[in-house]
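Chemist: Quick one: this structure, given as C-alpha cells, is what I'll be asking you about.
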Amino acid sequence: MILLDHLQAEMDKLDIQNLRRRRRVTDTVCAPRTQVDGKPMLAFCSNDYLGLAAHPKVVAALQEGAALYAAGSGGSHLIGGHSRAHAILEDRLAEFMSPHLESARALYFCTGYMANLAVISALASASKADTEIFSEALNHASLIDGIRLARAKVKVFAHGDVAALDLLLRASTAATKLVVTDSVFSMDGDLAPLAQLLALCEKYGAWLMVDDAHGFGLLGENGRGALEHFALQSPHLVYMGTLSKAAGISGAFVAAHATVIDWMVQTARPYIYTTAAPPALAHALLTSLDLIQSAEGSARRAQVHSLIAQLQEGLQRQGRSKPWQLLPSATAIQPLVIGDNATTMRIAAALYEQGLWVGAIRPPTVPAGTARLRITLSGSHTVDEVVQLVMAINRLEDQL
C-alpha cells in the first residue's frame, strides 16, 4: 500500500538520524528502583520529584477514593461529572496558592497539556481578534499548541530576554496582552526571570501565564512553586501547576483571580468538552497536598536540593577539559549535553546496560547538536545511588 510505504520511508529516515522514539515497559511501581522490560533498573528519568507516587499514604488515599467514588466520573464537569472530590480539591488548591494570587480560585484538569490549551485559548478569546501573545522561545510544546489554538497574533522573544519583551510590549496596542512562559524549562532545567517578567506585565497591563509544571511542590519553602520561590503576588498572574510530577498522581490545575476561572468555565473548550478525571484521583491528591505542606514534604525537598549539589560536584570535575556540558540548573532537572544524536544514544544505552535508566533527549525536542542526557532527581533517591550514576557517567566520558 503506497500510503503505508510512505510512512515506513519516513520512519526509516528517523532511524538513520537516531531520532526514533521507543517505549519501555515498567513492571513495578514508580520509584528509583524499578523493573523495566523485565530487568532491574535504577531510574533517573522520572518526574516524581518528591517520591510521592508510591507513598503509602497516597496509595491508601487512592484506594479510599475508589471506594467512595468508584472508577469513573461519568461525564464532563458541566454535565454530571463534577464530583464533591473535584470541588474540595479545587478549594484546597485555591487556598494553597492564595498568598500569591488575588481572590484566588482553581480549576482542575485531566492533564497539564489540556490545562495549557484551555487557559491560553480562553484568555485570548476575551478580545477575539484584538489579542497579542508574547511567547518565550523555549516554551513547552503544550504552551505552543495552546497559542496556536488561540489564533491570535504571536511574538516570540528570546530565552530569558527581558529587554526584548519590554520592547515588544511597549509597541503593542492590543486590548489583551498575554505573556506565556514556563517557570522551569523542562529540557534545560533553568528558571525564567519571573519577577522581571511580572514587572513588565504590570507596567503594560498584560497577563503573565506561568506554566510551573516542574516547580509546583518542589520550589518554595512550602512547595508553592515558582511564585513562592520568587515571592510574587499579583492579579496579573495566571498559574498552571501539574499534579502528576511532585504531587505524584495525575492532572493539573489553573489558579488565578476568580473572574479568570469563571471565564474559563464558560469558554475553555478543552475543559468544557472532555470527561472529568476520575474523582478518586482528586480525592488522593488531597493527601498529596497534605504531604507537600508537611515536615516530611519539606525534608524531601531538602533531599532533592542536596542531591542536586552532589550530582553537580561529581560531574563537574576540575583539572581537565570535559567534552560533555552539565547545564547550570538549580532544579531537579539536570541536563548533560553530549552533542550529536548517535553518541548520546550510545551513552544512554551503555548506562542502561549497567542498570542505569536515564532519558536521552534529541531534536526536535532540543536544538540540533545539543542532544543530551536528561537526569532527573527525586526525594526518593539516595546519596549512594547518585554516586553510582556519577561514577558510571565519568567512566564513560573518560573512555570516549
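The values are calculated or read from the model by the stated rules, or taken from the named source; none is laboratory data. No experiment lies behind these values; they were computed from the predicted model shown. Please note: Cβ atoms are built from the backbone with ideal geometry, for glycine as well, and neighbour counts cover all protein chains shown.
Chemist: Return the pairs, sorted by first residue and then second, in which the second residue is in a helix (DSSP H, G or I), the first residue lies in region 259-272 and is without any contact (Cβ under 8 Å) to a residue 12 or more places away in the chain, the beta carbons are less than 8 Å apart, and the residues are 6+ apart or on different chains.
Modeler: If the second residue must be in a helix (DSSP H, G or I), no pairs are left.
Chemist: For region 269-277, state whether one or more residues are closer than 18 Å to Ala104 by Cβ, touching a helix residue (DSSP H, G or I) at 6+ places or on another chain (Cβ under 7 Å), at pLDDT 95 or above and outside the structural domain of Ala330 (by TED's automatic domain parsing).
Modeler: Going through region 269-277, the residues closer than 18 Å to Ala104 by Cβ turn out to be 271.
Filter once more, keeping what is touching a helix residue (DSSP H, G or I) at 6+ places or on another chain (Cβ under 7 Å): 271.
Keeping just the survivors that are at pLDDT 95 or above gives 271.
From what's left, outside the structural domain of Ala330 (by TED's automatic domain parsing): 271.
Yes, region 269-277 contains at least one residue that is closer than 18 Å to Ala104 by Cβ, touching a helix residue (DSSP H, G or I) at 6+ places or on another chain (Cβ under 7 Å), at pLDDT 95 or above and outside the structural domain of Ala330 (by TED's automatic domain parsing).
Chemist: Quick check on Ala342: is it crowded, with 23+ Cβ neighbours inside 10 Å, assigned by TED's automatic domain parsing to the domain that holds Leu42, farther than 27 Å from Leu107 by Cβ and out of contact with any Leu (no Cβ under 8 Å at 6 or more places or on another chain)? Quick ask: steps written out before the conclusion?
Modeler: Numbers: crowded, with 23+ Cβ neighbours inside 10 Å: no; assigned by TED's automatic domain parsing to the domain that holds Leu42: yes; farther than 27 Å from Leu107 by Cβ: yes; out of contact with any Leu (no Cβ under 8 Å at 6 or more places or on another chain): yes.
Considered against the rule, which asks whether it is crowded, with 23+ Cβ neighbours inside 10 Å, assigned by TED's automatic domain parsing to the domain that holds Leu42, farther than 27 Å from Leu107 by Cβ and out of contact with any Leu (no Cβ under 8 Å at 6 or more places or on another chain), Ala342 comes out as no.
Chemist: Output the number of the condition that Asn47 fails; it satisfies all remaining conditions of (1) more than 26 Å from Asn341 (Cα to Cα); (2) at pLDDT 95 or above.
Modeler: So Asn47 meets the others, but not (1).
Chemist: Does Ile261 satisfy the condition of being out of contact with any Pro (no Cβ under 8 Å at 6 or more places or on another chain), farther than 20 Å from Leu191 by Cα and either assigned to a loop (DSSP other than H, G, I, E, B) or of a type in the set (Gly, Ala, Ser) (or both)?
Modeler: Details: out of contact with any Pro (no Cβ under 8 Å at 6 or more places or on another chain): yes; farther than 20 Å from Leu191 by Cα: yes; either assigned to a loop (DSSP other than H, G, I, E, B) or of a type in the set (Gly, Ala, Ser) (or both): no.
Considered against the rule, which asks whether it is out of contact with any Pro (no Cβ under 8 Å at 6 or more places or on another chain), farther than 20 Å from Leu191 by Cα and either assigned to a loop (DSSP other than H, G, I, E, B) or of a type in the set (Gly, Ala, Ser) (or both), Ile261 comes out as no.
Chemist: Exactly one of these conditions fails for Gly51: (1) under 21 Å from Ala280 (Cα atoms); (2) touching a Leu at 6+ places or on another chain (Cβ under 8 Å). Give me its number.
Modeler: So Gly51 meets the others, but not (2).
Chemist: Another question, if that's okay. Limited to region 292-314, what total is found for residues that are of a type in the set (A, V, I, L, M) and buried (at least 19 other Cβ atoms within 10 Å of the Cβ)? Full working, then the answer.
Modeler: Of region 292-314, the ones of a type in the set (A, V, I, L, M) are 292, 295, 299, 302, 304, 307-309, 311.
Still in the running and buried (at least 19 other Cβ atoms within 10 Å of the Cβ): 292, 304, 307-308, 311.
Qualifying residue count for the region: 5.
Chemist: Any chance you could count how many residues in region 340-381 are in contact with a Ser or Thr (Cβ under 7 Å, 6 or more places away or on another chain), part of a strand (DSSP E or B) and either more than 16 Å from Arg24 (Cβ to Cβ) or touching a residue at least 60 places away in the same chain (Cβ under 8 Å) (or both)?
Modeler: Of the residues in that region, 3 qualify.
Chemist: Which residue out of Asp188, Asp182 is crowded, with 21+ Cβ neighbours inside 10 Å, in contact with an Asp or Glu (Cβ under 8 Å, 6 or more places away or on another chain) and acidic (Asp, Glu)?
Modeler: Details: Asp188 fails: in contact with an Asp or Glu (Cβ under 8 Å, 6 or more places away or on another chain).
One residue alone meets the criteria, Asp182.
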